[in-house]
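Take a look at the structure set out below.
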Amino acid sequence: MKGLACLFILCSMLSFAQAQDYTPFQTKVRALTALSKLDNPDQQREAQRVLLDSLKRTDQIPITYKDSVAFIYIGQATAVDWMGDFNGWGYDKNFANAGKKIPGTNIWILKASFPEDARLDYKIVLNKKSWILDPLNLNQQWSGVGGGSPNSELRMPGYHDEPYQKERSDIPKGTVEHDILFTSNMLGYQITYSVYLPPNATGKLPVVYVTDGYEYLHPQLGNMPVVLDNLIADKKIIPVMAVFIDHREPANRTNNRRMQELVMNENYLKFFIDEFIPYIELTYPAATERSKRAVIGSSVGGLSATYFAFSRPDIFGNAGIQSPSFFTRPQIYSLCDSPEGSKLKISMTSGVINDASEGGRRMIKILENNSCVYQYREVNQGHSWGNWKDLVDDILMDFFAVQP
């Protein structure tokens, strides 16, 4: 009977909210806050359980409606904060990220507003020190370098999964040879790389050189082999091979050299042009025309892809640039402001929520002036693999679309 009584109380709260002509979002939030009005602790706990079970059963935590969201945490704490893409993981002090406790309960709530199609990574911080995943939200997105770790994922109502990210059992699959060692005389150390070859391909193939290759390969990060399989099967792109460069030291994977190799490093560029590409073209069926070579990267990898292509447009005809960290090397703008750059095809993407859109828009003005062929896309996301994996198919189609 206790459960029935609490369910009646809960239904009464919801009916009252609905009678006031509130939105579905307001109805659910007000039902949560109305729990504080229950004087009987047993009834409050049971009503809380019934309400939260209902929300979890329909994947409605965080609660979202149009551009509104309510984050929820249940548990004992002295402070509950939300950190994520929306506040630059703590760097944006203008975003009010502190949760408020519903009086008389152990429920904490944070209300915010984001674009209706936003997708954002976040974590909950308890007592100003303990970072945890949202225990009420099953959606997660892995992020970071070297395999990374999971974040909780906010999906606003207008966000939809990228269909080309889903592995299909009914199409031919390419092959991936993983973790191939290459000893560089120019660098003085070994690197590892992996190679994707498309199914049933013959002849010389266009080739994509992918920085942060381990991450672009990772099924929980870039998942790029699946994207390639799907695009080729659907005849969205011609068969393409991909070379994924791993910046982690082969003998010590915790030592990631990306912050040395990918920040406009002239010696690394020389290694790539004079040693690595010739080796790839001798070993694999890689096409040698510049128009059939692309380099792709994200963050400092996006900076590096830009640097590679504009430094050597005689080698690279295409550059895929995702959330580029141009701010770390502002001299990239003057490098790109040259007539040689007009030979390039550029596909650039960025999120607009604490990501790289400011630098991206500045670069687009330069590309307009030097007559580059370019595409530029912005999405309501942050600096995250959730952003980059959603757009890698667009980049590949910009470069290697099947011509009618």
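Side notes on the structure shown:
- In the stretch 253-347, GluC sites (Glu not before Pro) in a DSSP loop with at most 14 other beta-carbon atoms within 10 Å: 289
- Relative to the longest principal axis of the Cα atoms of the chain, helix 224-233 runs at roughly 80 degrees.
- For the stretch 84-141, convex hull volume per residue from C-alpha positions, Å³: 114
- Taking the C-alpha atoms only, the angle from helix 300-311 to the longest principal axis of the chain is near 30 degrees.
- Sorting the Cα pairs of the chain by distance into bins of 10 Å, from 0 upward, gives 5, 21, 27, 21, 13, 9, 4, 1 percent per bin.
- The lysines whose alpha-carbon is closer than 29 Å to the alpha-carbon of residue 343, local same-chain residues fewer than 8 away aside, are 204, 235, 236, 270, 292, 365, 389.
- Kirkwood Rh and Cα Rg combined as Rg over Rh, evaluated for the stretch 163-400: 0.93
- Reach of residue 28 by Cα under 26 Å, taken over lysines that are not fewer than 8 positions away in the same chain: 2, 37, 56, 66, 100, 101, 111, 123
- The ranking of 54, 152 from fewest to most other beta carbons within 10 Å of each one's beta carbon is 54, 152.
- Separation of the residue 42 and residue 190 label points, Cα + 7 Å toward Cβ, nm: 6.8
Every number in this text was worked out from the coordinates using simple rules, so none of it is lab data. From a predicted model like this one, the values you see are computed outputs, not experimental measurements. Here Cβ is always computed from backbone atoms with ideal geometry, including for glycine, and neighbour counts include all displayed protein chains.
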